[in-house]
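Remarks on the structure that follows.
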Amino acid sequence: MISKIVDKLKQYLELQADIVKLSLVERVAIVMSFIMFLALCTVFGLTIFILLGFTLANYIADVIGSLALGYLIVVGVYLVVLILIIGYKKAITRYFTDLFVRIMSETEEGIDNRSENEEEYSK
């Protein structure tokens with residue numbers, strides 16, 4: 001009788017360990033897919049940003065008549081954007097930290113509901 005209880009308890013604990021492992025794997029997969037999505041968006045976004053920069057520099061060069069000054073103005077705009085990003089460093093890092101924690105701490109119901117919502121949006 002006691003050996004059956006011990007066996008059932010062992011099975012229960014093994015199943016719980018498997019559930020924890022699967023939950024961890026699922027969360028890691030979600031985070032990795034999010035990172036891959038960000039990487040793709042970054043690559044395409046930077047490409048577009050750079051090409052728009054060249055276009056803007058050439059347009060400004062045509063307007064003011066100096067290619068070098070056109071590129072210098074665009075570089076100045078880039079420096080202003082960089083300074084703003086550095087200035088808002090805490091807010092930006094807090095946003096991504098909160099996002100990462102939210103992804104990692106979602107309950108199983110939250111993950112299931114999000115999957116259902118994503119299916120609804122993709123239709």
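Quick rundown of the values:
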quantity	calculated
Selection from region 15-41 of residues that are of a type in the set (Val, Ile, Thr) and either at pLDDT 90 or above or farther than 14 Å from Phe100 by Cβ (or both)	Ile19, Val20, Val25
Filter result for Ala57 (of a type in the set (Gly, Ala, Ser) and either surrounded by 10 or more Cβ atoms within 10 Å (Cβ to Cβ) or closer than 30 Å to Ser23 by Cα (or both))	yes
Only one of Asp98, Asp112, Asp62 that is charged (D, E, K, R) and modelled with pLDDT of 95 or more	Asp62
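The values are calculated or read from the model by the stated rules, or taken from the named source; none is laboratory data. Being a predicted model, the structure only gives us computed values, none of them experimental. Positions of Cβ are generated from backbone atoms using ideal geometry, with glycine treated the same way; all protein chains shown enter the neighbour counts.
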